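The structure appears below as structure tokens.
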Amino acid sequence: MNTPKTSASTGSPRAVMPAQAGVPSGRSSAAAGAGYDSDRVFGWLNDVPDPEIPPISIIDLGIVRAAQVTDDGACHVTITPTYSGCPAMQVIGAAITEALHAHGVREVVLHTQLSPAWTTDWISETGKQKLRNYGIAPPAEQVIDTSRLGLGPAAAISRRAPPPRIACPHCGSTHTAVTSQFGSTPCKALYRCFDCREPFDYFKCH
Ligand SMILES: [Zn+2]
């Protein structure tokens, strides 16, 4: 058996698995004979765009939870929808299958994992930067905030306040205000920047 190789020397994009407690690692060891392993599959999937926000990949978005290659070369990909009933998931599933077929994977098996639910915490730092470059302000808060846990129970359970300043993705100014709780899609809010006067979408935390 080969031991799994790191992809650091290959120049392929490093897939980032969010460090979530209780989320099992999606990496299996290299499958003998398949010619590719889960790291390679993650690299390929990093080229599959999110259908709603094409500049960011489905890996950046954090919806690919696991990729496992079996000894016969079949590839099992586990995805978690960004929200239940997300119509884009069918498109994403088809895009994953098509991309892996293009790389010579004959059998692609898709699994949907609903729990734990996807949160905006799973968007990678690369993904957040790509959102900014695209003109969308990325989520400004961690949904699961453990930073107050050391301050005692009252602090730990209190809501974060005041609400975060949302930085304009065009000029960086935090002199902004919400103009509509719903932007181009339900997961975004519409903001306006008072400095450069541009409207922009804010990707709401959830
Ligand atoms: Zn601005």
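Please treat every number below as a calculation from the coordinates, not as lab data. Being a predicted model, the structure only gives us computed values, none of them experimental. Neighbour counts are summed over all protein chains in view; Cβ atoms, including those assigned to glycine, are modelled from backbone coordinates with ideal geometry.
What spacing in nm lies between the two simple spin-label points modelled at Tyr134 and Tyr83, each 7 Å away from Cα in the Cβ direction?
Roughly 1.6 nm, to one decimal.
What FRET efficiency comes out for the pair Leu110/His170, r = Cβ-Cβ distance, R0 = 45 Å, nearest 0.05? Mind dumping the intermediate values first?
Values: r = 37 Å, r/R0 = 0.82.
Between Leu110 and His170 the formula returns 0.75.
Mind listing the phi-derived Karplus ³J(HN,Hα) values for segment 52-59, rounded to whole Hz, using 6.51, -1.76 and 1.60 with θ = phi - 60°, and x for any glycine or proline?
8, 10, x, x, 10, 7, 5, 6
If amide hydrogens are placed 1.01 Å from N in the peptide plane, which non-local residues have theirs closer than 5 Å to the one on Cys205?
Answer set, sorted by chain and number: Ala140.
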